[in-house]
Amino acid sequence: MNTRRVAIVGGNRIPFARANGPYAHASDQDMLTATLDGLVERFGLEGERVDEVVAGAVLKHARDRDLTREAVLGSKLAPETAAYDIQQACGTGLETVIAVANKIALGQIDVGIAGGVDTASDAPIAVNEDLRQVLLDLNRAKSLPSRARTLTRLRPGQVVPEIPRNSEPRTGLSMGEHTAVMARDWGVTREEQDELAAASHQKLAAAYDRGFFGDLLTPYLGLERDQNLRPDSSVEKLAKLKPVFGGEDGTMTAGNSTPLSDGASAVLLASEAWAAARGLPVLAYFVDAQTAAVDHVHKGEGLLMAPAYAMPRMLGRNDLAFDDFDLFEIHEAFAAQVAATRRAWRDPVFARERLGLDAPLGEIPDDRLNVNGGSLAAGHPFAATGGRIVAALAKALNEKGSGRGVISICAAGGQGVVAILEK
Amino acid sequence: MLTTLRAALPGRGSGLPSDVLTRELTVDADHLADYAHLCGFTLRDELPPTYPHVLAFPLHMTLLARAPFSAVGVVHIANRIVQQRPLLLGEPLSLTARVEGFEPHRRGRTFDFVTEARVRDELVWQGFSTNLKRGGGDESAPKPPAFEEPPVTAQWRVADDLGRRYASVSGDHNPIHLHALSAKALGFPRAIAHGMWTKARCLASLRLPDAFAVEVRFKQPILLPSKVSFGEAEDRFAVHGHLEGELTPI
C-alpha cells in the first residue's frame with residue numbers, strides 16, 4: 001500500500017501550571033479550547049474546516065463525554081470540523097499524534113490536529129459508589145413501595161465522594177511507589193536522579209531564554225512560562241529534599257518526580273501537499289510508532305518499563321540503532337523511570353533475556369537527551385505531555401536542519417509508547 | 001478604586017447626576033472564571049463581551065444612588081455593547097460610567113448608563129444600559145422595532161438558584177433575583193433571572209467576531225426555574241418571549 005509522508009507543521013501549548021495554581025478554575029474544555037485557538041491563530045486556520053481533531057484527557061468528567069468535539073465547537077475552527085477522544089493514560093498525547101498521522105499517511109485525511117489536556121485541580125469527583133447504586137436502583141424502581149424500600153438504603157456515610165487516586169487499580173500502589181521499586185531493582189542512585197532533575201530545569205530555562213518556545217506557546221491566565229520551572233535548580237538544592245517514595249531510605253523526592261499539573265497541548269499535522277499549498281513549513285516528519293505493555297501485576301515487571309520493550313521493536317522494524325538518532329526525548333515521569341529505562345537499554349542481560357536481542361541497544365548520550373528540558377521541569381499534565389514533546393522535538397530537528405529524534409513515553413497500566421521523527 | 005470627576009456633561013435639567021465615575025483595574029482571573037462558567041463562556045484570556053458590565057456595576061449603583069428618584073421600579077429594558085476588539089485578561093482597564101437621559105417612553109422615561117472601557121487611551125468597549133423609570137409615560141414615544149424571532153436552535157434549563165449565583169458573581173443583589181419570597185414582595189410570582197445573565201448566555205452561544213455591536217431588548221422576565229427556547233439566525237437571536245437581540249459586525 002502506498003503511504004504518504006506526514007508533516008509536523010507546528011504546535012501550540014499553554015504554559016503548564018502546578019495543580020491548584022493559576023489554572024485551578026479552568027476546566028479541561030477551557031484549556032483545550034484556548035490551546036486550539038492559539039494554534040488556529042498561529043497558522044491562520046480561523047473558520048477553516050480541519051479534517052479531524054483528536055485529543056484526550058486522562059482525568060475526565062462524565063460531562064466531558066466528547067471533550068474534543070465540544071472544545072472544537074467552542075474554538076475558532078469551523079464547526080464542521082470532526083473530532084474524537086482517545087485515551088491511553090500518559091500515552092494519550094502521543095497516541096493522538098499517531099492516530100492523526102496514520103490517517104494522513106493512508107490518505108484518509110489531509111490535515112489534522114492532535115492534542116491533549118489534563119487538570120489535576122478540576123478533577124472529576126464522583127458520587128459515592130454506594131449512593132450511586134441506590135440512585136440507579138431508585139431510577140429503575142417502578143412502584144412507589146419499591147422506591148420507598150430503595151430510599152431506606154440511604155446512609156449518611158454515602159455523602160463521602162469518590163476522589164480519583166493516582167494508584168494502579170490492580171496493585172493499589174501509587175505510580176511513585178511502583179517507580180521506587182524500579183529504582184531499587186535497577187540500582188538507580190539519588191544523585192543520578194537529582195542530576196537529571198537539575199539538568200531538566202536548566203535546559204528548559206535555557207530554551208526559554210533563547211526564545212525557543214516563542215512559537216510553541218500561548219500565554220494563558222497570566223502564565224507565560226511553565227510554573228514549575230526553577231532556573232536556579234541545582235543538585236545541591238535537590239539533595240536537601242526528603243524522600244517521598246520508597247520509605248526513609250528511598251531516593252525519590254518531590255524534586256525528582258513530576259508534580260501534579262494542569263495544561264494542554266496541540267500539534268498540527270498535514271500531508272506535504274497541504275502544507276505546501278498554504279506555504280507552511282514542515283518542521284519534521286512523523287515516521288513510525290510502537291506501543292508495548294508489561295505485566296506489572298503477575299510477573300514483577302516495573303510498572304513504567306514498557307518503553308524498554310517498545311523501543312527495540314520499533315528500531316528493529318526500521319533497521320535503526322541508537323547511533324542513528326541525534327535527539328532523544330524520554331518523558332520524565334520520574335527521574336528514576338528515565339534512569340531505569342536507560343539502564344535496561346544498555347544491559348546485556350535484559351537485552352538477551354527480556355528483549356531476545358544479542359546485544360543491548362546501548363547508551364543514550366546525556367547531551368542528546370531532553371535537550372530543551374523535560375517533564376520534571378515543565379510539569380506533566382498527563383495527556384498534554386505527548387503534544388509538548390512532539391512539537392518541541394520537531395522544532396529542535398528543524399533547527400538542526402536534519403536528523404532523527406525518538407520519543408519514549410511511559411504510561412500507567414504498565415504501558416509505553418515510542419515514536420520516531422525525522423527531518 | 002472609585003473616583004468622581006465633577007463632569008463637563010450638561011445635566012440638561014433632568015435632575016440626573018452629571019458625574020463621570022471612573023474605576024481602574026486589572027481583571028481577577030478567579031472571578032473571571034466564575035463569571036465565564038456561570039454564563040457558559042469558555043475561560044480564555046479574551047474577556048467575555050458582557051464582562052465589563054459587571055466590572056462597572058458598582059459605578060452604576062453609585063450613579064443610581066445619586067439620582068433624584070427611588071431606584072425601586074427602575075427596570076433594565078435594553079443593553080447595547082460595542083466592542084472594537086476583545087479585551088484581554090491582564091490589560092489595565094480604565095472604566096468610566098455616566099448617565100444620559102431622560103428619553104420619553106410609552107410607560108415612563110428612560111435613561112442610559114453609558115460605560116466605556118479603555119486600555120491606556122484606546123477606547124475598546126462601550127456599554128449602553130437602558131433603564132425605564134416608570135410613570136408619566138408618553139404614548140407618542142417610538143415603539144420598539146419590529147422583530148421576528150428566529151427559529152429555536154436550543155433549549156436551556158435555567159436553574160432555581162441562578163439568580164443567587166449570578167448575584168454573587170455580579171454584585172447585583174436585587175431581591176427580585178434572589179428568592180421567590182423576596183421576588184413576590186416586589187410583585188413577581190417567582191425570582192427572575194438577571195437580564196445581563198440572559199444576554200451573556202446568548203453571546204456565549206454565538207460565534208462572535210472580534211469587533212461588533214450587539215443590542216438586546218428585554219421582554220418578559222425569565223421566572224426561575226424555567227426551560228426557555230433560544231434561537232439564532234444570521235444577524236439576530238432571541239430567547240423566545242424574553243429577549244430580542246441583534247448582532248452587527250463592525
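The values are calculated or read from the model by the stated rules, or taken from the named source; none is laboratory data. Note that the structure is predicted; figures quoted are calculated from it, not measured. In this analysis, Cβ positions are derived from the backbone assuming ideal geometry, glycine residues included, and neighbour counts consider all displayed protein chains.
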Collect the residues in the range A:305-350 that are of a type outside the set (Val, Ile, Thr), in a helix (DSSP H, G or I) and free of Cβ contacts under 8 Å to residues at least 24 places away in the same chain, keeping them in residue-number order. A:ARG313, A:GLY316, A:ARG342, A:ARG346, A:PRO348
Condition test on A:LEU304, is it in contact with a helix residue (DSSP H, G or I) (Cβ under 8 Å, 6 or more places away or on another chain) and closer than 30 Å to A:ASP85 by Cβ? yes
For B:ALA154, only one of the following conditions fails: (1) small (Gly, Ala, Ser); (2) part of a strand (DSSP E or B); (3) within 20 Å of B:PRO49 (Cα to Cα). What is its number? (3)
Consider A:VAL244 carefully, then state whether it is out of contact with any Phe, Trp or Tyr (no Cβ under 7 Å at 6 or more places or on another chain) and in a strand (DSSP E or B). yes
Is one or more of the residues making up the range B:182-190 without any contact (Cβ under 8 Å) to a residue 40 or more places away in the chain, in contact with a helix residue (DSSP H, G or I) (Cβ under 9 Å, 6 or more places away or on another chain), assigned to a loop (DSSP other than H, G, I, E, B) and surrounded by 15 or more Cβ atoms within 10 Å (Cβ to Cβ)? yes
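What's the total number of residues in the range A:1-54 that are in a loop (DSSP other than H, G, I, E, B) and either within 21 Å of the chain's Cα centre (by Cα) or more than 28 Å from A:ALA273 (Cα to Cα) (or both)?
So the count comes out to 12.
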Single match in A:PRO259, A:PRO231, A:PRO219 (criterion: of a type outside the set (Ser, Thr, Tyr), closer than 30 Å to A:SER27 by Cα and within 14 Å of chain B (Cβ to nearest Cβ)): A:PRO219
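So, B:THR22, is that one more than 14 Å from chain A (Cβ to nearest Cβ), out of contact with any Phe, Trp or Tyr (no Cβ under 8 Å at 6 or more places or on another chain), in a helix (DSSP H, G or I) and β-branched (Val, Ile, Thr) or not? Outline the logic, then answer.
Numbers: more than 14 Å from chain A (Cβ to nearest Cβ): yes; out of contact with any Phe, Trp or Tyr (no Cβ under 8 Å at 6 or more places or on another chain): yes; in a helix (DSSP H, G or I): no; β-branched (Val, Ile, Thr): yes.
The answer is no for B:THR22.
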Just need a number here: residues in the range A:286-333 that are crowded, with 22+ Cβ neighbours inside 10 Å and among the small types (Gly, Ala, Ser). 5
Residue in the range A:400-409 that is closer than 21 Å to A:GLU168 by Cα and either out of contact with any strand residue (DSSP E or B) (no Cβ under 8 Å at 6 or more places or on another chain) or of a type outside the set (Phe, Trp, Tyr) (or both) present: yes
For the range B:33-60, how many residues meet the condition of being away from chain A (no Cβ under 14 Å) and surrounded by fewer than 17 Cβ atoms within 10 Å (Cβ to Cβ)? 1
Any residue in the range B:100-117 that is assigned to a loop (DSSP other than H, G, I, E, B), in contact with a strand residue (DSSP E or B) (Cβ under 8 Å, 6 or more places away or on another chain) and in contact (Cβ under 8 Å) with a residue 60 or more places away in the chain? no
If I filter the range B:207-224 down to residues being surrounded by fewer than 15 Cβ atoms within 10 Å (Cβ to Cβ) and under 23 Å from B:ARG157 (Cβ atoms), which single residue comes out as nearest to the other protein chains (Cβ to nearest Cβ)? B:ARG207
Residues to consider are B:ALA204, B:ALA238; find the one that is of a type in the set (A, V, I, L, M) and either in a strand (DSSP E or B) or more than 20 Å from the chain's Cα centre (by Cα) (or both). B:ALA238
Which of the residues belonging to the range A:231-259 are crowded, with 19+ Cβ neighbours inside 10 Å and closer than 27 Å to A:LEU36 by Cα? A:THR258
Identify, from the list A:ILE14, A:ILE8, A:ILE109, A:ILE113, the residue that is within 14 Å of chain B (Cβ to nearest Cβ) and either buried (at least 21 other Cβ atoms within 10 Å of the Cβ) or at pLDDT 95 or above (or both). A:ILE14
